[in-house]
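The values are calculated or read from the model by the stated rules, or taken from the named source; none is laboratory data. On a predicted model such as this, the values are computed, not experimentally measured, just so you know. All Cβ positions, glycine included, derive from the backbone under ideal geometry; neighbour counts span all protein chains shown.
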Amino acid sequence: MSGAYPPPPAFYHPPASRPPSAGTAETLVLVALILQLIGAAVLYIALTFLFGVAAFHPFPFAWLAVSAAVIVGVVGFLFLYCAYEFSYARIRRGEYQAAQAPTLVIGILSLFLGIIPGILYIIGYVKLGDAVREQQTASMPYSPGYGFPTPQAPMAPQVACRGCGRVQFAGQFAFCPHCGQKLGP
């Protein structure tokens, strides 16, 4: 380690890796969101066509059809936003427990709108349950390569020198070997 990059402070802990089931749940929810976005785009194109027909060939209740189409379009995009914000964004942040209930509700509601995204959301809900269980039972962090727990040695307490800022192991030196300042409290 060079002098330009001081060692990390004693309280630093590297971020824990995600459980494998969390990555699967994130992928499933993302695919369901993409499929719903495609469905919403098709709905938007159909609504645009309906507006065009109503504008050039008015019929007695054109305003009612256009109003219903606008309401359906707004509700569809609002549903997409809620699915993203309450399910996918929480999974990305690692809040698996908080993402479980919204993912299940969105999955059940999606079964009525499109069966494939609904099924993907429900499978994502199951995988989120697995991720929560893996997080609670894992006493050691997951290694990024294979997903198997790797034992790590406990980190020895460290003390920073008040004079030069270099970090030494507690009890190794009474005085800093670099500047001579007393180490410890």
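Structure summary
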quantity	calculated
Some residue of region 48-56 being closer than 30 Å to residue 25 by Cβ and either free of Cβ contacts under 8 Å to residues at least 24 places away in the same chain or surrounded by 13 or more Cβ atoms within 10 Å (Cβ to Cβ) (or both)	no
Test for residue 70: is it within 25 Å of residue 42 (Cα to Cα), modelled with pLDDT of 90 or more and in a helix (DSSP H, G or I)	no
Given (1) of a type outside the set (Lys, Arg); (2) modelled with pLDDT under 90; (3) closer than 23 Å to residue 19 by Cα; (4) surrounded by fewer than 12 Cβ atoms within 10 Å (Cβ to Cβ), index of the condition residue 63 fails	(3)
Extreme residue, nearest to residue 77 (Cα to Cα), among residues of region 110-121 that are surrounded by 19 or more Cβ atoms within 10 Å (Cβ to Cβ) and of a type outside the set (Gly, Ala, Ser)	117
Selection count where residues are surrounded by fewer than 17 Cβ atoms within 10 Å (Cβ to Cβ) and more than 15 Å from the chain's Cα centre (by Cα), scope region 15-39	4
Filter result for residue 52 (modelled with pLDDT under 80 and assigned to a helix (DSSP H, G or I))	yes
Filter result for residue 91 (of a type in the set (Val, Ile, Thr), in a helix (DSSP H, G or I) and modelled with pLDDT under 95)	yes
